[in-house]
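First up is the structure itself, then whatever we jot down about it.
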Amino acid sequence: MFFGILKGLELGSFVPGQRLVETDLVTEFGVGRNSVREALQRLAAEGIVELPRHRGAMIRRLSLQDTLDVLDVAERMTGLLARTAARGSGDRAHAQTLRAAVQELVSAEKAERSRSDEARGAVVSFSTARRRFYRALLDMGGNQELRRLFPTIHMPIVHAQHRLTSLQQMRLTDYRRIATAVLAGSADEAEAAGAAHVQNVREAILADRQP
């Protein structure tokens, strides 16, 4: 259920600010109440869900300042992730995994644009490819602290709350740029590309807020 709610955020079937009713979750995921409560506690611990007293669970909704705070952390962490991954560029297996992840992103983007698949399926495909892309970078770097901390950044909520066309258009370009620098073993360029991706996300969100 934990991953089901995260996937639901990516698909738009769950949205920031939405209340999560235990009985509905039991029915939707086919699990017991104890499993639901354990999943909600885990999601709360990771900042995805809020558990206000006497009001029930709800998916966290970020204020603009909250979003910018998340992006400040994500910018530095993504830059560090890319820099660290560059040191593993000489490992042929890891390099091939990263290339495969980029190709999955390309294929998912094409499916999303062509609408040959149902929209939900395309979103799942791209989200899955994105997770594999970041996992490949984590594996290349071999930094255990990054492996532990990177998934805790609240980017799933940011993506769920800001479904902007401008973000969709630039993300694949950014991921390719990161991968190119990482595979070339250029730590400085990789770090700059990783940070630039999050900067682009920030700019798109702020531009959308303009009157």
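Out of the residues in the range 68-108 that are among the hydroxyl-bearing types (Ser, Thr, Tyr) and in a helix (DSSP H, G or I), which is modelled with the lowest pLDDT?
Going through the qualifying residues, I end up with 107.
Does residue 30 count as touching a residue at least 24 places away in the same chain (Cβ under 8 Å) and at positive phi?
no
I'd like the residue in the range 1-45 that is surrounded by 14 or more Cβ atoms within 10 Å (Cβ to Cβ) and of a type in the set (Asp, Glu) and, out of all such residues, is nearest to the chain's Cα centre (by Cα).
Filtering the range 1-45 for residues that are surrounded by 14 or more Cβ atoms within 10 Å (Cβ to Cβ) and of a type in the set (Asp, Glu), the one nearest to the chain's Cα centre (by Cα) comes out as 10.
In this structure, is residue 83 touching an Asp or Glu at 6+ places or on another chain (Cβ under 7 Å), more than 17 Å from residue 7 (Cα to Cα) and not β-branched (Val, Ile, Thr)?
yes
Kindly indicate whether residue 129 is out of contact with any Lys or Arg (no Cβ under 9 Å at 6 or more places or on another chain) and in the same structural domain as residue 196 (by the TED database).
Yes: the conditions hold for residue 129.
Which residue, of 86, 57, 74, is more than 19 Å from the chain's Cα centre (by Cα) and within 19 Å of residue 196 (Cα to Cα)?
On inspection, the qualifying residue turns out to be 86.
List the number of the failed condition for residue 148; all other conditions in (1) surrounded by 14 or more Cβ atoms within 10 Å (Cβ to Cβ); (2) within 18 Å of the chain's Cα centre (by Cα) hold.
Single failed check for residue 148: (1).
Quick grid of which residues meet (1) closer than 12 Å to residue 85 by Cβ; (2) touching a Pro at 6+ places or on another chain (Cβ under 8 Å); (3) at pLDDT below 85:
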| position | (1), (2), (3) |
| --- | --- |
| 112 | no, no, yes |
| 124 | no, no, yes |
| 127 | no, no, yes |
| 134 | yes, no, no |
| 139 | yes, no, no |
| 143 | yes, no, no |
| 151 | no, no, no |
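Only one of these conditions is not met by residue 175: (1) open to solvent by 40 Å² or more (accessible area, probe 1.4 Å); (2) in contact with a helix residue (DSSP H, G or I) (Cβ under 6 Å, 6 or more places away or on another chain); (3) among the hydroxyl-bearing types (Ser, Thr, Tyr); (4) under 17 Å from residue 84 (Cα atoms). Which number is it?
(1)
Of everything in the range 95-115, what is more than 16 Å from the chain's Cα centre (by Cα) and buried (at least 20 other Cβ atoms within 10 Å of the Cβ)? Give them in sequence order.
98, the sole residue that qualifies.
The values are calculated or read from the model by the stated rules, or taken from the named source; none is laboratory data. The structure displayed is predicted, hence computed values, not measured ones. Note that we place each Cβ from the backbone using ideal geometry, even for glycine, and neighbour counts take in every protein chain shown. Protein only, heavy atoms only, side chains kept; ligands, DNA and RNA dropped before computing areas. Shrake-Rupley method; radii C 1.70, N 1.55, O 1.52, S 1.80 Å.
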